[in-house]
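Engineer: Questions regarding the structure given below will be posed in turn.
No value in this document is a laboratory result; all are computed from the given coordinates. These numbers come from a predicted model, not from an experiment. Here the Cβ positions follow ideal geometry from the backbone for every residue, glycine too, while neighbour counts run over all protein chains shown.
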Amino acid sequence: MADEQKDGQSNGQRSLDQHPQGQPVEHEVSKSPKAHPFWDFWAPVLFTIALYFGLRHYVAEARFIPSGSMLPGLQINDRLLVEKLSYLTRKPKRGEIVVFNAPHAFDPALRSPNQPSGLQCTLANIPLIGLIPGLRHNACDAYIKRVVALPGDQVVVNPRGEVTLNGEPLKEPYVTNYCSLDDQGMSRCGTLNVTVPKGHVLVLGDNRANSWDGRYWPGGPFLPEDEILGRATWRFWPFKRSGALGS
């Protein structure tokens, strides 16, 4: 009797896969709309491009050395990794090598009436696209120098390019090429006697005899901290000289 009741209960229960009359139910399978061939190809391409620019803008990017202003430590055509996370949480430190927007982007004496847009500068720094005539602009370039003084520092740069910081000579083992002096103790190199203001740093090239840096910028010698793009941390090419960049 219990078995019959159990069987009755079992027979009285309707399966989710059965029609009330016991006939199988034919399930409908929802069909997702077929992707358009355009998006089949371009969606991953656009995602990859967005990821590339996101990483390049916020995390790290590769740069090469176009000039000799940082000799002998950084050679022309060296390839460097520039990381951008450190300065989100702290200020630049003395001795660090920084990459920053060209003075033409922030120096009032160098800014042109028709400054390029951010999009133009982004495109100008893409290989091959940057070769399009009329796309490049001085304000889209990036410079690399070394931080020698911080806000509040009193700095003297003599005719040889030697730095005195807060009354003490600054030890700079990375500098080997100073400006030459004539018989009167003068040189063609610029000199400074300044105090670094808040929100700025003073940057100089290691190759003191051949570097266009804060000694020569017509609008003032200081680099605004918010114009710094990142910190050069690693040389990855040429491979035989690859390694971390010290202060």
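Engineer: Would you please give the residues with an amide H less than 5 Å from that of Ala149, counting only those at least 5 places away or on a separate chain, with H modeled from the backbone geometry?
Structural biologist: Counting only residues 5 or more places away or on other chains, the set is Leu202.
Engineer: Taking H placed 1.01 Å from N in the peptide plane, check which residues at least 5 places from Tyr178 or on another chain put their amide H under 5 Å from its amide H.
Structural biologist: none
Engineer: Lys pairs in segment 61-244, Cα-Cα under 22 Å, at least 8 apart or on separate chains: how many?
Structural biologist: Lysine pairs meeting the criterion: 11.
Engineer: Convert each backbone phi in segment 236-243 into a coupling constant with the Karplus relation 6.51 cos²θ - 1.76 cosθ + 1.60 (shift: θ = phi - 60°), then list the ³J(HN,Hα) values in order as whole Hz, x for Gly and Pro.
Structural biologist: Here the 3J(HN,Hα) series is 10, 8, x, 4, 5, 10, 6, x Hz.
Engineer: How large is ³J(HN,Hα) for each residue in segment 110-124, as worked out from phi by the Karplus curve 6.51 cos²θ - 1.76 cosθ + 1.60 (θ = phi - 60°), to whole Hz, x for Gly and Pro?
Structural biologist: The phi angles translate into 10, 5, 8, x, 10, 5, x, 7, x, 5, 4, 5, 4, 5, 5 Hz.
Engineer: Please find the FRET efficiency linking Trp39 to Gln115, where r is the Cβ-Cβ separation and R0 is fixed at 22 Å, and quote it to the nearest 0.05.
Structural biologist: 0.05
Engineer: Sticking with this one: I'd like to compare 83-92, 110-119: which one has the highest average count of other Cβ atoms within 10 Å, and what's the full order after that?
Structural biologist: 83-92, 110-119
Engineer: For segment 95-104, just list the computed ³J(HN,Hα) in residue order, Karplus coefficients 6.51, -1.76 and 1.60, θ = phi - 60°, integers in Hz, with x standing in for Gly and Pro.
Structural biologist: Here the 3J(HN,Hα) series is x, 6, 8, 10, 10, 9, 4, 4, x, 5 Hz.
Engineer: So, one more: Can you give the local net charge around Leu165? Use residues other than it whose beta-carbon is closer than 14 angstrom to its beta-carbon, Lys and Arg +1, Asp and Glu -1.
Structural biologist: 0
Engineer: Tell me the label-point distance for the pair Ser86, Leu123, using the 7 Å Cα-to-Cβ offset, in nm and rounded to one decimal.
Structural biologist: Here the modelled spin labels are 3.4 nm apart.
Engineer: Please give the net charge around Val156, taking every other residue with its beta carbon less than 11 angstrom from that of Val156, where Lys and Arg add +1 and Asp and Glu add -1.
Structural biologist: So the environment of Val156 carries a net charge of -3.
Engineer: Further, regarding this structure: Determine, from the Cβ-Cβ distance of Gln75 and Leu192 and an R0 of 35 Å, the FRET efficiency 1/(1 + (r/R0)^6), rounded to the nearest 0.05.
Structural biologist: Using R0 = 35 Å, I get an efficiency of 0.85.
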